Amino acid sequence: MEIASRGFSDMVDALRNDGHPSLFYLLLGGWMDLFGDSDAAVRSMSGLASLATVGVLWRIGRRRSTDLGIAAALLGLSAPYLLRYGTEARMYALLALFVALAWLAVERALDDPTIGRLAAVAGATALLVHTHYWTFWLIGATLLLLAVTAWRAGEHRTTAIRVGAAIMAGGATFVIWLGVFFDQLGSTGTPWADRARPAEIAVETMQSLGGNNRFEGELLGVLFAVAILLGAVGTRMGDGVALRFRSGPLTFVAAALLTTLAIGGGVALVTAGAFEGRYAAVIVPFALVLAARGLTIIPTPAGPIILAGFVLFGLAVGVDEARRDRTQAGDVAQAIDTGHAPGDVIVFCPDQLGPATHRALEASLETIAYPTDDGRLVDWRDYADVIATTDPESFVDGAVTAADGNDIWLVAGLGYKSLGNRCETIINVLGRSHRAQQLVAPTEVFERMILTRFEPVS
């Protein structure tokens with residue numbers, strides 16, 4: 001939200017250090033101008049995006065059958081992924097919507113490649129490339145599959161070529177961002193996580209579809225994988241279902257899903273890039289429609305019963321995940337707001353704890369973050385190198401000087417990659433000259449925090 005609230009030039013400078021394209025932040029900034037910057041207002045944009053995605057999924061499914069349209073909409077409404085990211089002020093709900101819109105645009109253009117439909121393909125592709133870099137792998141997979149289609153299609157070859165050209169035209173709009181992208185590419189990356197392995201990508205994708213990495217989410221993710229397999233290669237045979245590994249109604253879709261993950265995973269493996277389950281936004285619409293088809297080909301009465309089970313299970317997991325706290329920033333901010341005095345200083349170690357805490361804080365105090373800046377944003381440029389050259393003891397000296405005899409409120413997190421034991425060192429060094437009082441202990445949430453108040457020893 002901090003990036004979105006800035007003017008365009010400041011936003012671009014912030015994104016150079018953050019590692020994302022600009023479209024989501026531009027849209028969120030405009031949304032905040034219209035509706036305010038409260039939590040409800042900011043998150044509502046993602047909520048509406050998730051709801052809109054359900055409508056597009058219904059339209060995609062309805063192109064094939066009424067039953068598939070209904071099933072796709074029901075799975076979309078209860079999908080833990082869409083429920084969770086529909087409550088977060090991040091780009092992933094919007095990204096899933098753009099992927100669904102691009103899919104629908106490509107299908108319509110393949111049916112009848114009019115100028116208007118090809119322009120819609122180009123426009124949807126432009127939305128993708130300016131929202132998240134993992135869409136590059138989806139676009140690459142789609143172009144590869146269209147090339148195969150053109151090679152084998154005979155009379156449909158010209159249509160496939162035109163659609164591919166429209167995709168490339170939309171992708172070419174990325175040229176306006178190339179300077180920032182290359183700057184990011186050389187300095188940011190994913191220093192907060194290890195190199196992604198293929199098995200990790202497969203498991204985290206299933207977990208994201210299931211809603212979380214707890215038992216319930218993992219079970220639902222496995223069930224989704226089974227339903228997706230049925231949707232990709234299943235055929236109703238009388239009173240049962242048979243798996244036939246040949247071209248079917250959603251073969252192109254299944255191939256796009258797998259090829260996207262394969263390309264992205266291969267690039268991550270070669271470049272030491274990371275993968276997080278939220279990146280699955282680029283294949284979530286495919287997964288939901290494939291799963292919906294897998295459930296609709298199961299004969300009655302089992303099929304509708306299983307679909308109802310998916311919906312209820314998904315709602316239970318998704319609603320629980322959406323309402324679950326993911327950070328202790330609220331507790332930390334409340335403790336600081338209640339107990340601070342003028343002149344106190346807040347220190348973050350690492351700086352990654354700063355943005356959420358700043359968002360929750362009401363107190364107006366000086367903030368200092370390790371390794372750099374004030375914690376309102378995280379500067380990912382050469383992150384590991386900056387940490388390696390920032391001495392924790394010298395950092396503490398600077399914080400003590402800034403506090404000038406007042407209390408230091410240390411917001412710390414342990415176990416962050418590249419930090420080693422530097423935050424523990426800061427805690428220990430502060431403890432030599434200050435009386436420590438721990439006010440917030442870490443709990444079982446994603447972003448765990450320790451809040452310690454350090455009072456100077458007179």
Where the only charges are on Cβ atoms (+1 Lys, Arg; -1 Asp, Glu), what is the dipole of the chain about its Cα centre, to the nearest 20 debye?
2540 debye
What's the exposure ranking of 204, 447, going from fewest to most Cβ atoms within 10 Å?
447, 204
Note, residue 104: beta-carbon cut-off 13 Å, +1 each Lys/Arg, -1 each Asp/Glu, net +4
To the nearest 10 degrees, how steep is helix 422-433 against the longest Cα principal axis of the chain, on a 0 to 90 scale?
20 degrees
Summing Lys, Arg as +1 and Asp, Glu as -1, what charge do residues with Cβ under 14 Å from the Cβ of residue 124 carry, residue 124 excluded?
+2
Would you mind putting 299-307, 269-277 in packing order, based on average other-beta-carbon counts within 10 Å, highest first?
269-277, 299-307
Considering only C-alpha atoms, what is the centroid distance from the stretch 91-124 to the stretch 160-224, in Å?
18 Å
Where Rh is the Kirkwood radius over the Cα pairs of the stretch 1-137, the temperature 37 °C and the viscosity 0.692 mPa s, what D in µm²/s does Stokes-Einstein return?
206 µm²/s
What relative contact order, as a whole-number percentage, does the stretch 1-146 give when Cα pairs under 8 Å and 6 or more residues apart are counted?
23 percent
Note, ³J(HN,Hα) from phi for the stretch 216-223, Karplus 6.51, -1.76, 1.60, rounded to Hz, x at Gly and Pro
5, x, 5, 5, 5, x, 5, 4
Computed Rg/Rh of the stretch 329-456, alpha carbon atoms with Kirkwood Rh:
0.92
Using only Cα atoms, figure out Rg for the chain and give it as a multiple of 2.2 N^0.38 Å.
1.08
Lys and Arg at +1, Asp and Glu at -1: add these up for the other residues within a Cβ distance under 15 Å of residue 291 and post the number.
+1
Cα axis of helix 329-339 to longest principal axis of the chain: angle in degrees, 0 to 90, nearest 10?
20 degrees
Sorting check: for 448-454, 362-368, which peptide has the highest mean count of neighbouring beta carbons within 10 Å, and how do the rest follow?
448-454, 362-368
Mind running the shape call on the stretch 117-249? Use the C-alpha gyration tensor, a ≥ b ≥ c as the square roots of the eigenvalues: rounded below 1.5 for a/c, prolate if a/b tops b/c, oblate otherwise.
oblate
Helix-derived [θ] at 222 nm for the chain: sum -39500 (n - 2.57) over DSSP H runs of at least 4, divide by residue count, nearest 500?
-20000 deg cm²/dmol
Pop out the ³J(HN,Hα) list for the stretch 96-110 in order, Karplus 6.51 cos²θ - 1.76 cosθ + 1.60 with θ = phi - 60°, rounded to Hz; leave Gly and Pro as x.
4, 4, 5, 5, 4, 5, 5, 4, 4, 5, 5, 4, 5, 5, 5
Sorting 412, 427, 280 by the position of each Cα along the dipole of the chain (Lys, Arg +1; Asp, Glu -1; all at Cβ), the one nearest the positive end of that ordering is 280
Gained length - residue 270 relative to residue 455, 0.36 nm times residue gap less alpha-carbon distance:
61.8 nm
Contact order normalised by length for the chain, with contacts defined as Cα pairs under 8 Å and 6 or more residues apart; what percent is it?
16 percent
Using the Kirkwood radius over Cα pairs of the stretch 207-326, the Stokes-Einstein translational diffusion coefficient at 10 °C and 1.306 mPa s, in µm²/s and rounded to a whole number, is 103 µm²/s
Given 5 Å bins starting at zero, what is the percent of C-alpha pairs of the stretch 16-88 in each, up to the one with the largest pair distance?
3, 16, 18, 17, 16, 13, 9, 5, 1, 0
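Every read-out reported here was derived from the displayed coordinates using simple, explicitly stated rules and does not represent laboratory data. Bear in mind that the values here come from a model prediction, so they are computed numbers and not experimental data. Positions of Cβ are generated from backbone atoms using ideal geometry, with glycine treated the same way; all protein chains shown enter the neighbour counts.
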